[in-house]
Amino acid sequence: MNGGEDEKLLKMHGGSTKSQNYAYLTHQEKGTLSSSLLWNARFGHLNFDDLYLLKKRGFLGLPTIPRNVEPCEAFFLGKHSKQPLHDSNFRACRKLELQHFNLCGPLFVPSAIGNKYIMILIDDYSRMCWVYFLKNKFECFAKFKEFHVMIEKEANAHIGTLHSDNGGEYTSIEFKNYLSQHGIKHQTIIPYNL
């Protein structure tokens with residue numbers, strides 16, 4: 001792979017056995033960034049060690065990259081992770097007051113009997129957890145109805161609120177009607193956040 005400057009356009013030419021590849025980078029005004037920072041930005045903030053290796057392996061057009069360069073701002077921003085969720089001040093005061101509900105799947109590798117989904121229910125008060133394995137996503141509603149009957153008889157209490165993501169399996173008209181008929185409030189959050 002090599003590169004060259006054509007007026008104010010930097011062209012990098014590279015090839016493989018299958019096809020010829022080109023990448024075009026616009027030339028920035030002199031003095032706006034140091035040469036090594038400019039090339040770091042042009043390569044999508046590729047780290048300086050890899051830029052140094054490109055130069056060492058004969059990539060034409062790259063300036064001499066010093067070994068000890070301060071990382072650019074994009075490096076530090078790229079290292080940021082999502083801020084942790086703050087602890088909720090709310091905790092359930094009785095069994096079944098708040099149930100957390102999620103459906104995971106489809107799993108890449110089904111179980112030995114063909115289950116591809118995992119339905120998880122967690123009681124906020126006791127932290128008791130129930131796990132069901134499902135073959136299909138549409139089994140979720142029927143399994144929840146079974147769980148609802150079983151848990152209310154066993155705990156001798158009523159489910160107050162169901163907390164789930166906003167996935168389609170929880171937002172169907174049938175599911176909403178069932179919750180409404182049984183006096184269960186439904187709280188939803190953004191999908192894939194639970």
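Scanning the stretch 156-184 for residues that are assigned to a loop (DSSP other than H, G, I, E, B) and of a type in the set (S, T, N, Q) yields a count of 4.
The residues of the stretch 46-62 that are under 14 Å from Ser35 (Cβ atoms) and of a type in the set (D, E, K, R) amount to a single one, Lys55. Restricting the search to the stretch 153-179, which residues are of a type in the set (S, T, N, Q) and touching a strand residue (DSSP E or B) at 6+ places or on another chain (Cβ under 9 Å)? Across the stretch 153-179, the qualifying residues are Thr161, Ser164, Asn166, Thr171.
Residue pairs whose Cβ atoms lie under 8 Å apart, separated by 6 or more positions or on different chains, with the first residue in the stretch 87-112 and over 22 Å from Ile190 (Cα atoms) and the second hydrophobic (A, V, I, L, M, F, W, C) and assigned to a loop (DSSP other than H, G, I, E, B), are Arg94/Ala157; Lys95/Ala157; Leu96/Ala157; Leu96/Ile159.
Just so you know, all these numbers are worked out from the coordinates, no wet-lab data involved. Computed from a predicted model, the values in this text were never measured in an experiment. Methodologically, a virtual Cβ is constructed for each residue, glycine included, from the backbone with ideal geometry; neighbour enumeration extends over all protein chains shown.
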